[in-house]
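Chemist: Next up is a structure, given as structure tokens.
Bear in mind these aren't lab numbers, they're just calculated from the coordinates by the rules spelled out. In this text, all values refer to a predicted model and were calculated from it rather than measured experimentally. Neighbour counts run over all protein chains shown; Cβ positions are idealised from the backbone, glycine included.
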Amino acid sequence: MRRTSAQIRPALAVAVAAALVLVGCTTEPEDREARAVFRAGSADLADPYVPGSGNGGYDVAAYRLAVRYDPASDRLAGRARIEATATHGLSRFNLDLTGLEVAAVTVDGGPARHHRDGHELVVTPGSGIPAGRRFTVDVEYSGVPTARSAGPLGSGGFLHTADGAIALGQPHSAAAWFPVNDHPSDKATYDIEATVPDGLAALSNGVPEERVSRDGWTTWRWSERSPMASYLATLVIGDYRVETGTHAGKPIVTAVPASLPATGPEATSVARTGEIADFLASRFGPYPFDSYGGVVVTDDRVGYALETQSRPVYGPSFFRNGRLNLGVVTHELAHQWFGNSVTVTGWRDIWLNEGFATYAEWLWEEHDGGRSAQRIFESQYAMTDWSRPTLDPGRERLFGTAVYQRGALAVHALRRVVGDDTFFTILRTWTDQRRGGNATTDDLVALAERVSEKPLRPLFDAWLTGTTAPALP
Ligand code: TRP
Ligand code: ZN
């Protein structure tokens, strides 16, 4: 699903295809048409931060996933239905899928050939798919899911735990458990159902649907109706205390491992989700999704939290000192606006996620009776290494302090220069106009200039990419 400029692409492709058909009319029309119009979709999207991730030639609108997972054998058996639109005539196309065996693929119900090429599943339909055509892919697959090796970008994939599993990870993890166009530029809606042994929970994104138990297995259903980037899809299976309620008229689902005390720091921190989301809504504009929540996990391999859509996942390290940690909850909830609803087009713009989520922590600290955002800004400014860029930080520093802390400094610098009213108008306009879509740093600069009626390019350049400390605004 592409909401911004890319939306014109299918129409353009149809026009080109039509023109080619006309040209080919004089001789061997069918032959020429087939050769000229259908070609293979590309095997990646040329994002240098994630070589091989994502695929070209189509745009996914919806994923419908049904997986069954047995913790006793670590085996997952899945069916994935993918609704997509061809953005050029396709002779074949790729999906990302790491490991797992593919038993069958159909396209629009007809058999399709398929083969594997590393992390790619290559699908060749019985006949070419014309540009602009909507098509449905069904994939049946199974196996023991694996994690992609942990690298500088963080570990991600499908972790087998003592009582279940955790599918989680940024910049990618989805391909470890379903076939996917695994890049944030192609957002889609998701219907996820997971069948697990009775007594275990299976938590995922979005609104909880009816739960059904049969023959010792329970199927948990989840529905995420707002466009979601694939790295924000999660599945957490295990022995959890699940609390379901309503917040601000929408379902809220929180889950904490049954092994943790109901009054411990994990449970009491995630219990503040609704309140903190409301605080952020008062600054950023309406909460963008149909549901709320959070999941705490205990597995030490999850050394982070991730803003999985509508239901962040929190690793155990945030609560080790036994105290409430509302900073991390604020951070992951802020991503629901910055990162999840408005999503990067490519990973070079990751500061649009992390700079704003870190800034949200400053706002919360001030609101919560701690230091003011201005004070935090001043102390961060004093300890910043200006040699590292915030924009396009390089693969090794995708989650570095230049992205998080220097990114937040840039946000506050903007606030100082345009003033509070204009600043919050920029933020609300951004989350409103870009809701459900993708954006770039240039888009933000253009919007900030338009709303403030000030030239702001030099400001963003200095705070995002300059190599010396910018003058304090
Ligand atoms: N985006 C996450 C956050 O800021 C943190 C993160 C960095 C992460 N690297 C990761 C999460 C790898 C999962 C996997 O909250
Ligand atoms: Zn973050």
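Chemist: Could I have the simple spin-label model distance between residue 212 and residue 395, label points 7 Å from Cα toward Cβ, reported in nm to one decimal?
Modeler: If labels sit at residue 212 and residue 395, their model points lie 4.4 nm apart.
Chemist: Please state the shape class of the stretch 39-238: rounded when a/c is under 1.5, otherwise prolate if a/b exceeds b/c and oblate if not, all from the C-alpha gyration tensor.
Modeler: The shape class here is prolate.
Chemist: Please label the shape of the stretch 256-314 as rounded, prolate or oblate, based on the square roots a ≥ b ≥ c of the eigenvalues of the alpha-carbon gyration tensor (a/c under 1.5 means rounded; beyond that, a/b larger than b/c means prolate, else oblate).
Modeler: prolate
Chemist: Still on this structure, please answer the following. Taking the highest mean first, how do the peptides 294-304, 336-346 order by number of other beta carbon atoms within 10 angstrom per residue?
Modeler: 336-346, 294-304
Chemist: Here is a follow-up. Please give the contour-minus-distance gain from residue 421 to residue 81: 0.36 nm per residue of separation, less the Cα-Cα distance, rounded to one decimal in nm.
Modeler: 117.8 nm
Chemist: Count the DSSP beta bridges whose two residues both fall in the stretch 250-398, then state the antiparallel fraction as a percent rounded to the nearest 5.
Modeler: 20 percent
Chemist: Then there's this: Can you give the Kirkwood hydrodynamic radius of the chain from its Cα pairs, in Å with one decimal?
Modeler: Hydrodynamic radius (Kirkwood, Cα pairs) of the chain is 23.2 Å.
Chemist: Is the stretch 343-464 best put as rounded, prolate or oblate by its Cα gyration tensor, with a ≥ b ≥ c the root eigenvalues, rounded for a/c under 1.5, and otherwise prolate when a/b is larger than b/c, oblate when not?
Modeler: Judged from the Cα gyration tensor, the stretch 343-464 comes out rounded (a/c under 1.5).
Chemist: Another question, then. Using 1/(1 + (r/R0)^6) with R0 = 30 angstrom and r between the beta carbons of residue 372 and residue 243, what's the FRET efficiency to the nearest 0.05?
Modeler: That gives a FRET efficiency of 0.30.
Chemist: Pick out, in residue order, every one of the trypsin sites (Lys or Arg not before Pro) in the stretch 304-374 that is DSSP loop and has at most 14 other C-beta atoms within 10 Å; say none if there are none.
Modeler: Answer in residue order: 320, 323, 371.
Chemist: Looking only at the chain, where both bridge partners belong to it, what percent of the DSSP beta bridges are antiparallel (to the nearest 5)?
Modeler: Percentage antiparallel, nearest 5: 80.
Chemist: Quick one: length gained pulling residue 379 to residue 127 fully straight, 0.36 nm per residue minus the C-alpha distance?
Modeler: 84.5 nm
Chemist: Also: Note down the net charge around residue 221, summing +1 for each Lys or Arg and -1 for each Asp or Glu among other residues with Cβ under 10 Å from its Cβ.
Modeler: Around residue 221, the surrounding residues sum to -3.
Chemist: Now, a different point. Quick one: if the Förster radius is 51 Å, what FRET efficiency do residue 388 and residue 72 give, using the C-beta to C-beta distance and rounding to 0.05?
Modeler: 0.65
Chemist: Going by average Cβ density within 10 Å per residue, which order do the peptides 183-192, 266-275, 110-119, 361-370 take, highest to lowest?
Modeler: The densest-packed peptide leads the list: 183-192, 266-275, 361-370, 110-119.
Chemist: A follow-up question, please. Applying a 10 Å radius around every beta-carbon, put 167-173, 71-77 in order of their mean neighbour count, most first.
Modeler: Ranking the peptides 167-173, 71-77 by packing returns 167-173, 71-77.
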